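Taking it in order: structure first as structure tokens, then the write-up.
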Amino acid sequence: MASKTDESGRNVTRSTGSKTASATTETQAETGKSQAASDRAGTASKGKTAKEKTARPRAASAAKKPAAPRRTSAATVQADAAKKPTRKRAPAKPKAQVAAPAVQARKAVPEDETAAAGKEMAGKETGALPATDKSKSAEMDLPSARKLTENIEKIETLGHRLVAALSERATPNPGVEGPGPDLMLTTASAWMKSLAEQPTKLIEQQVNYWGETLRNYSDAQMALARSQKSTSDDAQEVPDKRFKNPLWQTHPFFSYVRKQYMTNAKAIQEAVSDLDLPDEVARRRVDWMTRQIIDMMSPTNFLATNPDALEKAIETEGQSLVQGLENLVRDVEMNGGEMVVSLADRDAFTVGENIGTAEGSVVYRTHLLELIQYKPTTEQVHETPLLIFPPWINKFYVLDLKPQNSLIRWLVGQGHTLFVVSWKNPDTSYAKIGMEDYVAAYLDAMDKVRELTDQPRLNVVGYCIAGTTLSLTLALLDRLGDDRVNSATLLTTLTDFSDHGEFTTYLQDDFINGIVEEVQRHGLMRAQLMSRTMSFLRANDLVWGPAIRSYMLGETPPAFDLLYWNGDSTNLPGRMALQYLQGLCQKNEFAGEGFELMGHRLHLGDVKTPLCAVACETDHIAPWADSWRGVAAMGSRDKSFILSESGHIAGIVNPPSKKKYGHYAGGAGFDKGHEAWRESASFFEGSWWPRWGDWLAERAGKMVPAREIKDEICPAPGTYVHERAVS
């Protein structure tokens with residue numbers, strides 16, 4: 001440090017230098033232990049005291065036993081310097097002169113910040129967090145730890161509930177759990193025959209399969225090695241909505257899993273397609289079973305190979321899996337030990353409050369039905385009343401889901417005095433109720449409508465199985481010479497069951513025998529069995545997809561009115577179910593040698609009432625070609641056919657306001673087959689409702705003052721509609 005000209009300045013300079021040298025000396029003394037280990041070969045300076053000389057061998061001795069070095073902060077240096085007296089020393093060595101500015105720079109930092117920095121440095125050396133960081137970390141981790149504890153307790157409780165619910169499951173009925181052993185035997189025999197006759201073809205298939213498998217594996221390994229995001233170009237693959245997550249394309253692992261699944265599925269399908277099976281029935285059954293296996297083994301159905309489920313679990317810290325388990329337990333408890341996934345949120349709808357709300361009254365009630373008359377919304381109505389028979393497999397409010405798509409409201413608005421039947425949900429006491437009882441109920445309801453409206457004739461509508469039963473009723477009325485029905489409309493109705501279509505698997509002896517055993521056990525064909533049968537016709541949409549969303553993603557089922565209705569199934573009386581399945585479906589008696597009912601053998605040709613039939617183009621339950629074939633065989637000279645776009649429900653519940661699905665009408669007749677009819681028919685944009693409305697109005701009579709409701713028993717939708725099936 002340069003000296004100033006005045007004496008005072010020189011004194012200050014010397015004083016400062018003395019203090020600095022003293023502080024430097026004390027710092028060297030504090031760190032002497034570590035310096036002594038490296039300075040053993042050095043010599044002591046001439047200015048050292050005897051005490052400093054004796055300290056050196058002690059430091060060397062201590063160095064033999066490793067010890068954590070003491071870290072000295074600037075605050076410690078200042079404190080020690082303040083305690084010890086300042087000694088006047090010879091001019092500092094160059095090393096001391098270099099150290100002085102460093103200490104001065106440290107003194108410029110506030111003492112509290114310097115101390116904090118020292119503590120942080122010490123913590124880094126020892127691997128420990130500062131006390132304040134530990135406190136903050138504990139506070140941050142506390143909610144997560146508490147949540148983890150709660151989830152563990154909840155999982156334990158849910159596990160006990162699940163075990164208890166599964167123990168309530170009825171003894172399994174093998175006949176309705178899957179195809180019988182005859183199908184397995186048929187398939188195995190066909191495969192052995194193929195192996196014996198075409199061994200090279202099997203070898204070729206195996207070579208192709210393993211070659212593609214190795215390519216998939218090699219692509220995945222190369223992608224991992226190169227850190228690529230995609231294993232290959234998948235642009236040529238057919239889109240599959242199960243694999244919407246981008247990770248199925250971009251992540252090497254998930255891409256490999258998806259491709260290998262597709263390879264396996266392709267190999268299975270090719271192997272099955274080449275089998276020489278005895279007939280078309282066996283072919284359809286094998287194809288159905290193959291499809292079920294392929295759908296079931298999709299990687300999306302397993303947690304470890306479902307990126308959506310894994311991402312959700314990480315995002316929610318496992319809460320989605322806990323909620324999924326809760327959803328599973330709820331469904332098992334609700335279905336008597338059976339795993340039936342909920343398709344819609346049951347708490348989102350209440351019939352009569354936010355679904356099935358058209359205004360009307362129950363005006364008649366029997367042990368099988370409630371008859372609802374709807375309040376008119378026009379000043380005048382058609383003279384001839386209209387009566388709708390909905391299917392008793394589900395509830396009638398599919399025709400009145402909400403005001404915007406309510407066929408019931410639309411018909412009332414068209415000036416019809418409308419009556420709708422609400423069927424009883426049978427219990428075991430209805431085991432002996434048969435098809436003749438339902439036909440008698442049809443006739444009884446018709447009589448009541450004619451009585452309430454003081455009209456001799458009426459127009460009627462039958463939907464699905466109710467349309468089949470209406471056709472039987474019309475044939476019976478023709479045999480009896482009763483002309484009470486002015487016109488009939490059949491919605492997605494089957495009367496000719498010569499082609500079982502997608503129901504082929506379910507209409508074989510092994511499954512029907514299982515239904516017989518089911519009826520013997522319970523007196524009913526339970527709603528759960530019927531619902532499961534229908535669902536597995538579209539397993540990815542109605543089984544696996546909903547199960548993934550509910551059980552893996554932990555999502556609440558959607559508040560969707562149509563899916564809510566779909567899950568609100570009913571039981572079928574045992575006798576009626578067997579008559580329908582064996583007599584009408586399996587043996588096709590109505591279209592063949594005749595169906596025995598109430599002392600009469602009825603045929604399709606006996607249906608001579610003017611009628612309009614509506615079928616749906618993509619209906620997998622009542623295929624339109626089969627519906628057309630039955631109508632073509634009916635004896636009516638006045639019959640029309642309308643083909644709506646879409647499926648079994650969406651094609652019917654298709655209001656004009658949506659302008660969603662079009663329809664075909666005006667074909668060349670029923671003489672040349674269904675395809676010829678469609679080719680000659682004209683396509684029209686929009687709903688079929690107005691076209692049918694015009695057809696119906698022509699047969700509904702003159703306009704009369706609107707009819708008031710008489711003899712109200714209770715408001716619509718009545719009481720039977722609230723009865724839920726108990727598994």
Notebook entry, point to check: From the square roots a ≥ b ≥ c of the eigenvalues of the alpha-carbon gyration tensor of the stretch 360-722, which class results: rounded (a/c under 1.5), prolate (a/b over b/c), or oblate?
Noted result: rounded
Notebook entry, point to check: Once the dipole of the stretch 442-595 is set up with Lys and Arg at +1 and Asp and Glu at -1 on Cβ about the Cα centre, which of LEU470, VAL519, GLY592 lies farthest towards its positive end?
Noted result: VAL519
Next item on the list: Please say if the stretch 272-317 is rounded, prolate or oblate, where rounded means a/c under 1.5 for a ≥ b ≥ c the square roots of the C-alpha gyration tensor eigenvalues, and otherwise the choice is prolate for a/b larger than b/c and oblate otherwise?
Entry: prolate
Check: Say R0 is 35 Å: what FRET efficiency, to the nearest 0.05, do ARG226 and GLN206 get from their beta-carbon distance?
Finding: 0.70
Check: For the stretch 636-698 and the stretch 384-447, what is the separation of their C-alpha centers, rounded to whole Å?
Finding: 22 Å
Note to self: If I take every Cα pair under 8 Å that is 6 or more residues apart in the stretch 659-727, average their sequence separation and divide by the length, what percent do I get for the relative contact order?
What the structure shows: 27 percent
Item checked: Cβ-based net charge around ARG479, under 15 Å, with every Lys or Arg adding one and every Asp or Glu removing one -> -3
Note to self: Give me the net charge for the shell around GLU150: Cβ to Cβ below 14 angstrom, other residues only, Lys and Arg +1, Asp and Glu -1.
What the structure shows: -1
Note to self: Is the C-alpha gyration tensor of the stretch 581-727 telling us rounded, prolate or oblate? Criteria: a/c under 1.5 is rounded; beyond that, a/b larger than b/c is prolate, otherwise oblate.
What the structure shows: rounded
Item checked: Dipole magnitude of the stretch 360-722 about its Cα centre (Cβ charges: Lys, Arg +1; Asp, Glu -1), debye to nearest 20 -> 580 debye
Next item on the list: Work out the FRET efficiency for GLU153 and MET339 from their Cβ-Cβ distance, taking R0 = 35 Å, and round it to the nearest 0.05.
Entry: 0.90
Note to self: Can you tell me the length gained on complete extension of the stretch SER498 to ARG365, counting 0.36 nm per residue apart and subtracting the Cα distance?
What the structure shows: 44.2 nm
Check: Given the stretch 523-676, what percent of its DSSP beta bridges are antiparallel, to the nearest 5?
Finding: 55 percent
Next item on the list: With +1 on each Lys and Arg Cβ and -1 on each Asp and Glu Cβ, and nothing else charged, work out how big the dipole of the stretch 146-273 is about its Cα centre, in Debye to the nearest 20.
Entry: 500 debye
Check: In the stretch 324-350, which residues have a backbone nitrogen under 19 Å from the label point lying 7 Å from ALA559's Cα in the Cα-to-Cβ direction?
Finding: 342-350
Item checked: Extension gain from ASP347 to GLU383, taking 0.36 nm per residue of separation minus the Cα-Cα distance -> 8.9 nm
Item checked: Karplus (6.51, -1.76, 1.60) ³J(HN,Hα), θ = phi - 60°, over the stretch 347-356, in Hz, Gly and Pro reported as x -> 7, 7, 10, 9, 4, x, 10, 10, 7, x
Next item on the list: Can you tell me the relative contact order of the stretch 360-722? Whole percent, Cα pairs under 8 Å, sequence separation 6 or more.
Entry: 25 percent
Note to self: At a 10 Å Cβ-Cβ cut-off, how would you order TRP695, TRP392, TRP628, fewest neighbours first?
What the structure shows: TRP695, TRP628, TRP392
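Bear in mind these aren't lab numbers, they're just calculated from the coordinates by the rules spelled out. Treat the numbers as computed from the prediction; the structure is a model and nothing was measured. Ideal geometry is used to build each Cβ from the backbone, glycine not excepted, and the neighbour counts take in all protein chains shown.
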